[in-house]
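The values are calculated or read from the model by the stated rules, or taken from the named source; none is laboratory data. Bear in mind the structure is a predicted one, so any value in this text is a computation, not a measurement. Cβ: placed from backbone, ideal geometry, glycine included. Neighbour counts: every protein chain shown.
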Amino acid sequence: MDISDALRRMDLNLVVPLDALLEERHVTRAAESIGVGQPAMSAALARLRRLFGDPLLVRNGRVHELTPMGLSLVEPVRAVLTGLEQLLATTPHFDAGRDERAFTVVASDYVTLVLLRPLLQRLYDEAPHVAVNVIPVSATTQVELERSQVDLVIMPREIATPTMARFPQRALFTDRYVAAVWNQHRDVGSTLGRDQLTSLRYVRYNATTSGPAFVDVQLASLGIEPNVALTTLSFTLVPWLLPGTSLFAFVHERLVNSTPVRSELRILEPPVPLLPIEETMYWHPVFHNDPAHHWLRERVTTLAANL
């Protein structure tokens, strides 16, 4: 059967039910997820089974499982549906001052503070009907990017997966690590010694979903194991934890210079060589030629260039 014959046999009205069945792996839940009755979903499944010549979804004890054919359809069907959604949502022109659009951006709290907060202020002035939803980097970020469920992912190139590296991308800005302590720290003067990296009490950023921070990966590669006294899930919280304590931390220079507690901190050069990070913007190819998406990418890039 050639492609044209297959397309003539395929009812595009079945794409959405098929995606729901592959996602939910349950007829009733699939029906509920797209707002149709169970009989209609059961009928759609019967038609899909005839079309593919495969049961697609089978019962195994108390649960339902996808057949090998069903598993092989998950990503292609999601890609087709995403492409259709993007085709219907795309307009040939985008007027920032008048058009409505909602974007979802994946970014750390550090990027949100340093880059997105000033960006949002500019967008609100220039594009009053544009909304931006910022969600944190997580274990599902790569899947969300692959399925074009998010518009942009902004994260350091150094921790991006090989799969993400294959997506369209643009370098935004670099930042380096500096050491920080309370400016009245009794054991730290104008310099920080390598031996103090293991003797002083250390504040560590540790994202449970994406592993250790890039700085800690580098310290480990140098054979340095800091004396961890406090762990936090927030980049931006780290500088606030230092005043009035004997703690020290490695922080992004742009971040610490923008925090209100900067005057209470002593910033020191790291006693060991540390590579900087390069914050990079990633997006799915389906968005590449979307005028609204292109407009947003250009605004992000322009602002990043002027940080």
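General remarks:
- Any hit, the stretch 217-236, residues being free of Cβ contacts under 8 Å to residues at least 12 places away in the same chain, closer than 16 Å to Ile277 by Cβ and outside the structural domain of Val300 (by TED's automatic domain parsing): yes
- Extreme residue, surrounded by the most Cβ atoms within 10 Å (Cβ to Cβ), among residues of the stretch 226-280 that are modelled with pLDDT under 95, among the hydroxyl-bearing types (Ser, Thr, Tyr) and in contact with a helix residue (DSSP H, G or I) (Cβ under 9 Å, 6 or more places away or on another chain): Thr236
- Scope the stretch 142-170; condition under 20 Å from His293 (Cα atoms), of a type in the set (Val, Ile, Thr) and either surrounded by fewer than 17 Cβ atoms within 10 Å (Cβ to Cβ) or at pLDDT below 90 (or both); matching residues: Val143
- Of all residues in the stretch 155-203, those satisfying the criterion of being assigned to a helix (DSSP H, G or I) and under 22 Å from Thr236 (Cβ atoms) are Arg157, Glu158, Ile159.
- Any hit, the stretch 9-16, residues being modelled with pLDDT under 90, in the same structural domain as Leu73 (by TED's automatic domain parsing) and among the acidic types (Asp, Glu): yes
This table checks each residue for (1) assigned by TED's automatic domain parsing to the domain that holds Pro212; (2) touching a Ser or Thr at 6+ places or on another chain (Cβ under 6 Å); (3) under 28 Å from Asn306 (Cα atoms); (4) without any contact (Cβ under 8 Å) to a residue 60 or more places away in the chain.
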| site | (1), (2), (3), (4) |
| --- | --- |
| Asp95 | no, no, yes, yes |
| Ile135 | no, no, yes, yes |
| Ala139 | no, yes, no, no |
| Asp195 | yes, no, no, yes |
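- The set of residues in the stretch 184-204 that are charged (D, E, K, R), surrounded by fewer than 14 Cβ atoms within 10 Å (Cβ to Cβ) and under 14 Å from Ile224 (Cα atoms) comprises Arg194, Asp195.
- Matching residues, the stretch 8-47, being under 14 Å from His64 (Cβ atoms) and loosely packed, with under 13 Cβ neighbours inside 10 Å: Thr28
- Residue check, Gln149 more than 20 Å from Thr259 (Cβ to Cβ), polar (S, T, N, Q) and either touching a helix residue (DSSP H, G or I) at 6+ places or on another chain (Cβ under 6 Å) or not assigned by TED's automatic domain parsing to the domain that holds Glu253 (or both): yes
- Condition broken by Ala304, with the remaining ones in (1) closer than 16 Å to Ile154 by Cβ; (2) at pLDDT 95 or above satisfied: (2)
- Residue list for the stretch 56-80, filter: part of a helix (DSSP H, G or I) and either at pLDDT 75 or above or in the same structural domain as Asp290 (by TED's automatic domain parsing) (or both): Pro68, Met69, Gly70, Leu71, Ser72, Leu73, Val74, Glu75, Pro76, Val77, Arg78
- Among the residues of the stretch 127-151, those identified as part of a loop (DSSP other than H, G, I, E, B) and either of a type in the set (Ser, Thr, Tyr) or over 23 Å from Asn206 (Cα atoms) (or both) are Ala127, Pro128, His129, Ser138, Thr140, Arg147, Ser148, Gln149, Val150, Asp151.
- Any chance Tyr124 is loosely packed, with under 14 Cβ neighbours inside 10 Å and either assigned to a loop (DSSP other than H, G, I, E, B) or outside the structural domain of Tyr202 (by TED's automatic domain parsing) (or both): yes
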